[in-house]
Structures are given as C-alpha cells and as structure tokens.
Amino acid sequence: SLRTVLSMAVTTMGKHRPCLDPGSPNRAQISFLDVSRAYFNAKTDPSEPCYVEPPAEEGDDGKHCGLLLRHMYGTRPAADGWQEEYSTMLIQELGFLQGGSSPNLFHHPQRKIVTSVHGDDFTSTGASHQLDWLESEVAKRYEITIGPRMGPGSHDGKEATVLNRVVRWITTA
C-alpha cells in the first residue's frame, strides 16, 4: 500500500491526475505522520480482558495483577486494537473509505487523499491544502510527529525515510 500511495502522488495516467505544477497551491504532495505511543490510544475490549503483572519494583510478591483499559505494547491484542482505533477514526470521523484488498489503505473521495497506514506510520498523498486538513484532524486525536512534506514545489521536501526506506522526490526534465 505504501507503493500505491507513492505511485499515486506522481502518476498522471487514466482519470487520476495529480497537479505537479511546482507553483500551484493545489500541487500534489506526500505527507508522513508518525503517531506517538499508538497502541496506548486504543481501548481494550471489555469482553476480552487483558491482565498484566505489576513490575517487581511494586513489591506485591505476585499477589496482584492489573486490568488494562488501553492496549500496551507487547500484548497479543494490541495491534488489532490499534488497527480498529485508527480505522474507526479515518472512516467514521473523517469520511475515508477503506480498501477492499488492502485494509490498511484508505481513500477520501471528496478530498482526493489516499493514505496508507503501517503500524503507527501514516503516508498520504493529495493536494497540499487537503494534507494540511488531514494532519490537523489526526493531531486533534493523537500526538503526532510530522515528517517532511515532499512535493514538486521549491520549498517542498525532497527526501524522507519511511519504514526504513529512503524516498526521494526527483524532478526530471
């Protein structure tokens, strides 16, 4: 799905035609968001409780356990809980449609944004002002780090790292 997003940012074939004019305020860009402590944002399912042992420093000698109200890294249901959390936010709150073949790929038909989510990394493409909207909406809900915004403009970023891959925006003559 990451390759799909990157391809859609620069491919001008068929009906999909991103604006690649470097001076246009509607130019296509690629946005990179990282959600901090993503799993802690997802509530646990009360019908499937998850318990953890307190750390040894607590000194209770194994007599107590803790019921998690939010998912925690290292627990089995954490990844599923986080996927449910961000999917619900994108679909129900922001109006995205979820991909049929790839459930971590999302498309906003009115705003023409395509987003891939891998773990806590959101990679999106769309017009500059639409990506501004997406970043502000996601920041309302989660603590995020915004990576370089890549695009054809002279002030746009030209290189970013996502999923341990270096991605470069190169303009050809």
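A short reminder: the numbers here are calculations on the coordinates, not readings from a lab. These figures come from a predicted structure and were not determined experimentally. Methodologically, a virtual Cβ is constructed for each residue, glycine included, from the backbone with ideal geometry; neighbour enumeration extends over all protein chains shown.
Side notes on the structure shown:
- Backbone amide hydrogens, once placed in the peptide plane, bring A42 within less than 5 Å of H71, excluding anything fewer than 5 places away on its chain.
- The chain: calculated mean residue ellipticity at 222 nm from DSSP helix runs of at least 4, using -39500 (n - 2.57): -6000 deg cm²/dmol
- Dipole axis of the chain (+1 Lys, Arg; -1 Asp, Glu on Cβ), positive-most option in T161, A28, T172: T172
- For the chain, the antiparallel share of DSSP beta bridges with both residues in that region comes to about 95%.
- Derived scalar couplings ³J(HN,Hα) [segment 97-104; Karplus, 6.51 cos²θ - 1.76 cosθ + 1.60; whole Hz; x for Gly, Pro]: 10, 8, x, x, 8, 10, x, 9
- Charge tally around P77: other residues with Cβ under 15 Å, Lys/Arg +1 each, Asp/Glu -1 each, net -2.
- Pairwise centroid distance, computed over Cα atoms, of segment 136-173 with segment 18-92, Å: 22 Å
- Calculated from the alpha-carbon coordinates, segment 28-173 shows an Rg and a Dmax of 18.6, 70 Å respectively.
- A Förster distance of 30 Å, applied to the separation of the beta-carbon atoms of L69 and Q98, puts the FRET efficiency at 0.70.
- Neighbours of H129 by Cβ distance under 12 Å: Lys/Arg scored +1, Asp/Glu scored -1, total +2.
- Largest GNM mean-square fluctuation across S102, S128, S87, computed for the chain with C-alpha springs under 10 Å, falls on S102.
- Summing +1 for each Lys or Arg and -1 for each Asp or Glu among the other residues whose beta-carbon sits under 14 angstrom from that of T44 gives -2.
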